[in-house]
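Read the structure below first, then the notes.
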Amino acid sequence: MDTIKIGNFLASLRKEQNLTQEALGEKLGVTNKTISRWENGNYLPPVEMLKELSDFYHISINEILCGERLAKEDYQEKAEETITGILTGSPFSFKERSDFWKRKWQKDHFYGNLLLAVLLLALYITGWQFSILPLMIAVPFAALFLYMKRRNDMMIYVENNLYGPVK
């Protein structure tokens, strides 16, 4: 998205209404500096404000994001371009975002995982030292099961942060 083009379009819409940045800011509940930042292309209005601007100027959000009024025949094509631009505009790939949330989960759960590993190791050593064969056999299977459970918990956490919680 071209923030400069969007800003110029927002400025022209405001001027068509014969409003100052301060007057528009008062109507929308923001400062004139915020309006200036939008119009200079420094920032895009947040989603809530896009809806308010759309209602205020009687245009679509798509027209705001395209930075121009759209003819009916161009509307769908421009909407597809806008959506594609938004979806591909993330500075991070899916894998990078996924890896970030995995590392965050591992960092947040480090001490719990360490405690679990120490406990399992202590149980295994106890079984070995006292020749308790069932304990020596059960601990590796318990460790494998708990590893898979913790990994599954991590992936649920990652997916919830990537896609949002499942409803």
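Choose one of HIS109, GLY85, GLN129: the residue whose Cα lies farthest towards the positive end of the charge dipole of the chain (beta-carbon charges +1 Lys, Arg; -1 Asp, Glu; about the Cα centre).
Sorting the options by dipole projection puts first GLN129.
Give the separation of the Cα centroids, region 136-158 to region 2-31, in Å.
One Cα centre to the other: 56 Å.
When the helix-only estimate is applied to the chain (DSSP H runs of n ≥ 4, each -39,500 (n - 2.57), divided by the residue count), what is the mean residue ellipticity at 222 nm, nearest 500 deg cm²/dmol? It would help to have the intermediate numbers written out before the result.
Details: 9 runs with 131 residues, N = 167.
Dividing the helical sum by the residues of the chain leaves -25500 deg cm²/dmol.
Just to confirm the number: angle between the C-alpha axis of helix 72-88 and the first principal axis of the chain, 0 to 90 degrees, nearest 10?
30
Can you pull out the trypsin sites (Lys or Arg not before Pro) in region 8-84 that DSSP calls coil and that have at most 15 other Cβ atoms within 10 Å?
Values: sites: ARG14, LYS15, LYS27, LYS33, ARG37, LYS51, ARG69, LYS72, LYS78; in loops: ARG69.
Here the trypsin sites (Lys or Arg not before Pro) that fit, given the DSSP loop and packing criteria, are ARG69.
Can you give the translational diffusion coefficient of region 3-88 in µm²/s, computed by Stokes-Einstein from the Kirkwood radius over Cα pairs at 25 °C and 0.890 mPa s? If you can, show how the numbers build up before the last one.
Details: Rh = 13.1 Å.
It diffuses with D of about 188 µm²/s by this estimate.
With an 8 Å Cα cut-off and a minimum separation of 6 or more residues, compute the relative contact order for the chain in percent. List each step's numbers first, then the result.
On the way: 113 pairs, mean separation 31.1, N = 167.
It rounds to 19 percent for the chain.
Using only the alpha carbons of the chain, determine the length spanned along each of the three principal axes and report them from longest to shortest in whole angstroms.
89, 36, 26
In debye to the nearest 20, how big a dipole does the chain give about its Cα centre with +1 on each Lys and Arg Cβ and -1 on each Asp and Glu Cβ?
On the way: 20 positive and 20 negative charges, 187 e Å.
Value, rounded to 20: 900 debye.
Quick one: compute a quarter of the convex hull surface over the Cα atoms of region 94-163 and quote it in nm².
On the way: hull surface 19.3 nm².
So the mean shadow area of the Cα hull is 4.8 nm².
If you rank THR126, THR84 by fewest surrounding Cβ atoms within 10 Å, what's the result?
Values: THR126 13, THR84 10.
Taking fewest neighbouring Cβ atoms as first place, the list is THR84, THR126.
In the chain, with Lys and Arg counted as +1 and Asp and Glu as -1 at Cβ, which of these residues, ALA143, TYR43, TYR75, has the Cα nearest the positive end of the dipole, that is, farthest along it?
Positive-end residue among those listed: ALA143.
FYI, it's all coordinate maths here, none of it is from the lab. Not measured: the values here are computed from a predicted model. Glycine also receives a Cβ, built like all others from the backbone with ideal geometry; neighbour counts cover every protein chain displayed.
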